[in-house]
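Report on the structure given below.
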Amino acid sequence: MMCITTRCIAGLLALALCPALVLAQGKPFPPRLIVQITVDQLRADLLHRFSEGFTENGFKRLMRDGVWYLNAQHRHANTETVVGHTTLATGTDPSVHGMVANNYIDRRKLDQDKSEQEGGTAVIDTSTALHVTTADSDYPLLNPDGSQSDHGQGRSPRDILSTTIGDEVRLSRGKAAKVFGVSTKDHAAIGATGHAGTAFWYSASYSTFVTSTFYLNAYPQWVNDWTAKKLVAGFANKKWSLLLPRSAYSFADFDDQSWETSYPGWGRVFDRDFGPASGQLFQGYISVSPAADALTLDFAKALIVGEALGLDEVTDYLAVSLTSLDYIEHTFGPSSLEAEDHLKRLDAGLADLFVYLNARVGLDHILIVLSADHGATEAPGYAVARLRTSNNSFDYSLVDVQPMMVEYKESKGVSEPLSSYTAPYVYLDDEVIRKNGLDRGEVLEVVARTLRSMEGIAHAFSHAQIATGALPDDQIGRAVTASFHPTRGGDLYLVLDPGWFVRDPSPLAGASQHGSPYAYDRHVPLFFMGPGIVPARVHRKVETVDVAPTIAAYARTRFPSGTRGVVLPEVVPH
C-alpha cells in the first residue's frame, strides 16, 4: 500500500501551481550542456593573489563574462573533499545529504552488527569500523580488461541520501539526458555525479579512469581508446618546470621553505623529474603535480566527444573535479611556488577547455559553473614566520599523556588508549571500555575535559550536545550542526583554534590541511557563466548550498530533494 506524506502532497501541489516547472521528459529546454567544475582546495583569495600571467580565456573569462560571487562560503564545519563536492551537487548540508566526512562510522550499521552477535550484546571495536565514504562491496570496480575487482574495493553513490543536480537533470529530461562526472578521486567523482549518471575516477593501478559495476557493466569504446593512448606513461622522464619566467611569480624567491614536505625524489625545489613510469613513486608524482588535472581534462574532452554531449536539444550534465591543487597544497602549502605555478597551469587548462567547448558545442549553449569543495589552511610554519603566530599542528597521541588522562587510567588500571581521532570526530574505543568495565559516560567526560585543557583546542562538542541543539548559536555552532548526521557522527566533534589542524603521523604528512569551520577553509570562488547571464561582480555573501538550486532553476528542473539553498537572482532573475 502506498503512503503519501504531507510533505509529498505539499510538493505535488507546489508543482501543480507552477506549471512552468513541470517538464515532459525529453522536452527541449536550454542549456544543451551544464558543466560544473570543482577545483579541489581552491581558496578564494588565490585567484587574486596568483593572477599574474593568467590568460584572457581561463579564469579571466569567467571574471569577465560570468557572474562572480566574491563572498561565497561553505556553511558546514567539516570542510573535506566529499563533503564539499556533494554539497555543491545537492544544494544541502551534510546533515541532510549524509556525506559528513571522507571516513566515518555509521552507527546504524554498528547496531545491526551488534544485533547479529549472540545475544545482541557484542561491542564492536570502532577502531576497525570506519567506513570509507562511497565504499560499497555490492558493486566492485570494473577493470579496464572487463574483469571485476575484489568486492572490498567496490564503490557506489548509495551513501548519498539526497538527489544531486545531475540526478534531477535525468529525472526531468529522461534517458535522453546524459549525466557524467570525472575526477582523479572516487569520492569526488561520485559525490559530484550522484545516482543517475556515470562517474569515472583515476586508477593508479591501471593508469586510466575506471568506474564500478553500479554504473557500467562494460566500458564504451571511447574509454578503451583513451586508455590505449597511454597518456600517463607520456609523463615518464619529463619534468615539472615553471610554466612562466620566474619574474611572473610572487613566490619566485621562496621556492625552498622549511615547512614544505620534502617529497621523496623531488625535494622542495624546481625542477622535478617524473622519472620512469615503473618508478615506485611515479604515480605519486602524477597526483602531486599538474599532471593529474591535465589527464582529467583530456579524459573529459574524450567523454564529451564519445558521449556526444551537448549536441542535441536535451540538456546534458558533466561534473569535472580537478584535484591537483589539493595534493600540491597539502604537500607544499597554499603559499608556495608549487601552488602558484599550478594555478597558472590550471588557468591555461581551463582556457583550453573553454575554447574546446566553444568549438564543439558553442558556449552560447553551455552553462559553466565553477567553485571549490573547500579552501586551505596555511602551513603553520608559514604563519609563524610571516605573522609570528603560535599556530601549530595538534598531536592527538599526546591526549593519553595529559595528567588528567594519566590519573584516570591509572585509577582504573587501564593501559590502552581510550579514544582515537578521525576527522572531524573523536571515537571512544568501546572494546577497551567494555573489557575494563568502565562507565562510558565517565570516559567521555574525561576525554572531553582533557581535550578542552590542551593548547590548540577550541571546542569538543559531544554527540548529545549536537543532537539536542545545545550548541552556541554562533557561526561555529551552526556550522557544526550543519555537518552533523545523527547516525554518522562520532562521540566528540573536535574544533581546533584558528590556524591549527590535527597532525598526520605519516612521514609523508603534508605541510597544510583543511577541514575547519574558519573562513580560510569555507571561502571559495563561485562563477556562473552561460547564455542569458549578465556579467556581474557580487560582493553579497552567498552559500554553496545555493549552487544546485540555482542550476536547477536555470535549467528548469526540479530542485534536488534535500535542497536548503536559494536561487541566486543574478543568474536566474525573479
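A few points about this structure:
- The strands (runs of 3 or more DSSP E) found entirely in the stretch 358-438 that carry 3 or more residues being under 34 Å from the mean Cα position of the chain (by Cα) and not aliphatic (A, V, I, L, M) are 419-422.
- Considering the stretch 277-302, and only residues there that are surrounded by 21 or more Cβ atoms within 10 Å (Cβ to Cβ) and hydroxyl-bearing (Ser, Thr, Tyr), the residue that is nearest to the chain's Cα centre (by Cα) turns out to be 296.
- Residue check, residue 385 among the aliphatic types (A, V, I, L, M), under 26 Å from residue 79 (Cβ atoms) and touching a Lys or Arg at 6+ places or on another chain (Cβ under 6 Å): no
- Among the criteria (1) part of a helix (DSSP H, G or I); (2) crowded, with 19+ Cβ neighbours inside 10 Å, the one residue 305 does not fulfil is (2).
- Qualifying residue in the stretch 427-445 (condition: closer than 26 Å to residue 384 by Cβ and not β-branched (Val, Ile, Thr)): no
- Tabulated pairs, the stretch 34-48, first buried (at least 22 other Cβ atoms within 10 Å of the Cβ), second basic (Lys, Arg), C-beta under 8 angstrom, 6+ apart or interchain: 40/185
- Among the residues making up the stretch 517-574, those that are in contact with a helix residue (DSSP H, G or I) (Cβ under 6 Å, 6 or more places away or on another chain) and without any contact (Cβ under 8 Å) to a residue 24 or more places away in the chain are 566, 567, 572.
- Residue match in the stretch 100-109 (condition: modelled with pLDDT under 95, under 19 Å from residue 208 (Cβ atoms) and part of a helix (DSSP H, G or I)): no
- Exclusive hit being of a type in the set (Ser, Thr, Tyr) and free of Cβ contacts under 8 Å to residues at least 60 places away in the same chain, set 450, 481: 450
- Subset of the stretch 373-390 that is touching a strand residue (DSSP E or B) at 6+ places or on another chain (Cβ under 9 Å) and not β-branched (Val, Ile, Thr) - its residue that is nearest to residue 254 (Cα to Cα): 380
- Qualifying residue in the stretch 280-294 (condition: within 28 Å of residue 380 (Cβ to Cβ), modelled with pLDDT of 95 or more and touching a His at 6+ places or on another chain (Cβ under 6 Å)): yes
- Of the residues making up the stretch 276-284, not a single one is in contact with a helix residue (DSSP H, G or I) (Cβ under 8 Å, 6 or more places away or on another chain), under 23 Å from residue 72 (Cβ atoms) and either in the same structural domain as residue 75 (by TED's automatic domain parsing) or free of Cβ contacts under 8 Å to residues at least 12 places away in the same chain (or both).
- Every residue from the stretch 266-275 that is over 17 Å from residue 233 (Cβ atoms) and touching a residue at least 24 places away in the same chain (Cβ under 8 Å): 268, 270, 271, 272
- Qualifying residue in the stretch 261-276 (condition: loosely packed, with under 15 Cβ neighbours inside 10 Å and in a strand (DSSP E or B)): yes
- Tally, over the stretch 314-334, of residues that are of a type outside the set (Gly, Ala, Ser) and either in a strand (DSSP E or B) or touching a Lys or Arg at 6+ places or on another chain (Cβ under 7 Å) (or both): 9
- Any hit, the stretch 84-93, residues being surrounded by fewer than 24 Cβ atoms within 10 Å (Cβ to Cβ) and either among the aliphatic types (A, V, I, L, M) or part of a loop (DSSP other than H, G, I, E, B) (or both): no
- Cβ separations smaller than 7 Å between residues 6+ apart or across chains give the following pairs from the stretch 413-424 residues that are over 14 Å from residue 401 (Cβ atoms) and not assigned by TED's automatic domain parsing to the domain that holds residue 132 to residues that are assigned to a loop (DSSP other than H, G, I, E, B) and among the charged types (D, E, K, R): 420/429; 423/80.
- Scanning the stretch 49-72 for any residue that is buried (at least 19 other Cβ atoms within 10 Å of the Cβ), among the aliphatic types (A, V, I, L, M) and more than 26 Å from residue 250 (Cα to Cα) turns up at least one such residue.
- Of the set (1) touching a strand residue (DSSP E or B) at 6+ places or on another chain (Cβ under 8 Å); (2) outside the structural domain of residue 423 (by TED's automatic domain parsing), all apply to residue 480 but (2).
- Boolean, residue 379 is modelled with pLDDT under 95, more than 30 Å from residue 307 (Cα to Cα), in the same structural domain as residue 73 (by TED's automatic domain parsing) and buried (at least 22 other Cβ atoms within 10 Å of the Cβ): yes
- Any hit, the stretch 340-352, residues being more than 20 Å from residue 304 (Cα to Cα), at pLDDT 95 or above, in a strand (DSSP E or B) and out of contact with any His (no Cβ under 6 Å at 6 or more places or on another chain): no
- Taken over the stretch 452-470, residues that are over 27 Å from the mean Cα position of the chain (by Cα), of a type in the set (Gly, Ala, Ser) and farther than 16 Å from residue 491 by Cα amount to 1.
- Selection of the stretch 439-460 for residues being among the aliphatic types (A, V, I, L, M) and either part of a helix (DSSP H, G or I) or closer than 16 Å to residue 400 by Cβ (or both) yields 443, 444, 446, 447, 448, 451, 454, 457, 460.
- Some residue of the stretch 394-407 being outside the structural domain of residue 79 (by TED's automatic domain parsing), of a type in the set (S, T, N, Q), in contact (Cβ under 8 Å) with a residue 40 or more places away in the chain and surrounded by 13 or more Cβ atoms within 10 Å (Cβ to Cβ): yes
The values are calculated or read from the model by the stated rules, or taken from the named source; none is laboratory data. From a predicted model like this one, the values you see are computed outputs, not experimental measurements. Here Cβ is always computed from backbone atoms with ideal geometry, including for glycine, and neighbour counts include all displayed protein chains.
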